[in-house]
1. Quick one: in segment 25-49, which of the residues that are without any contact (Cβ under 8 Å) to a residue 40 or more places away in the chain and closer than 21 Å to residue 96 by Cβ is most open to solvent (accessible area, probe 1.4 Å)?
2. Quick check on segment 50-60: of everything there that is touching a strand residue (DSSP E or B) at 6+ places or on another chain (Cβ under 7 Å) and in contact (Cβ under 8 Å) with a residue 12 or more places away in the chain, which residue is most open to solvent (accessible area, probe 1.4 Å)?
3. With the requirement that a residue be among the aliphatic types (A, V, I, L, M) and touching a helix residue (DSSP H, G or I) at 6+ places or on another chain (Cβ under 6 Å), what does segment 30-61 give you?
4. So, in segment 75-93, of the ones that are charged (D, E, K, R) and either surrounded by 13 or more Cβ atoms within 10 Å (Cβ to Cβ) or modelled with pLDDT of 95 or more (or both), which residue ends up farthest from residue 24 (Cα to Cα)?
5. Considering each residue of segment 36-62, count those that are outside any helix (DSSP H, G or I) and over 20 Å from residue 7 (Cα atoms), and give that number.
6. Restricting to segment 61-74, name every residue that is in contact (Cβ under 8 Å) with a residue 24 or more places away in the chain and within 15 Å of residue 14 (Cα to Cα).
7. Take the residues in segment 8-24 that are more than 13 Å from the chain's Cα centre (by Cα) and open to solvent by 30 Å² or more (accessible area, probe 1.4 Å), then tell me which one is nearest to residue 87 (Cα to Cα).
8. Looking at (1) modelled with pLDDT under 90; (2) more than 29 Å from residue 104 (Cα to Cα), can you tell me which one residue 25 breaks?
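The values are calculated or read from the model by the stated rules, or taken from the named source; none is laboratory data. The shown structure was predicted, so the numbers you read here are calculated from the model rather than taken from an experiment. No Cβ is skipped: glycine too gets one built from the backbone with ideal geometry, and neighbour counts run over all protein chains shown. We work out accessible area using only protein heavy atoms, side chains counted, and drop any ligands, DNA or RNA first. Shrake-Rupley method; radii C 1.70, N 1.55, O 1.52, S 1.80 Å.
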Amino acid sequence: MTQSVISTDQPVVTLINTFTVDPDRQEELVRLLVEATEQVMRSWPGFVSANIHRGLDGTHVANYAQWRSREDFETMLRDPAAQEHMGRAAALGRFEPVLYTVADVIAADPATGGV
């Protein structure tokens with residue numbers, strides 16, 4: 001799978017979908033999102049990459065996914081297999097999907113010893 005590249009000159013749209021779940025459901029949601037990405041999303045035309053993040057508070061999960069275009073993303077949303085996975089994820093908690101483009105990227109000053 002191609003790794004995500006965050007850059008203002010990348011021709012992609014970014015989905016940031018934030019989920020809020022009960023702590024006892026967080027790992028189940030992480031597994032479901034990974035499964036959906038590996039089994040359905042990654043083979044869709046226009047899919048670039050996805051990164052699933054587990055909130056340290058135990059109640060959040062974030063999906064950071066890049067798509068070639070808004071149209072590619074919206075086409076995937078109409079697919080029955082994708083809808084089935086999204087419905088299962090929605091049943092586990094609240095979610096807020098938003099599409100973005102990168103406005104700017106600011107790296108650490110090398111003199112201060114960033115990562």
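1. 31
2. Only one residue fits best here, namely 54.
3. Of segment 30-61, the ones among the aliphatic types (A, V, I, L, M) are 30, 32-34, 36, 40-41, 48, 50, 52, 56, 61.
Scanning segment 30-61 gives 32, 36, 40, 50, 52, 61.
4. 79
5. Number satisfying all stated conditions: 11.
6. Within segment 61-74, 62, 63, 64, 65, 66, 67, 68, 69, 70, 71, 72, 73 meet the criteria.
7. Here the residue is 20.
8. Against the list (1) modelled with pLDDT under 90; (2) more than 29 Å from residue 104 (Cα to Cα), residue 25 comes up short only on (1).
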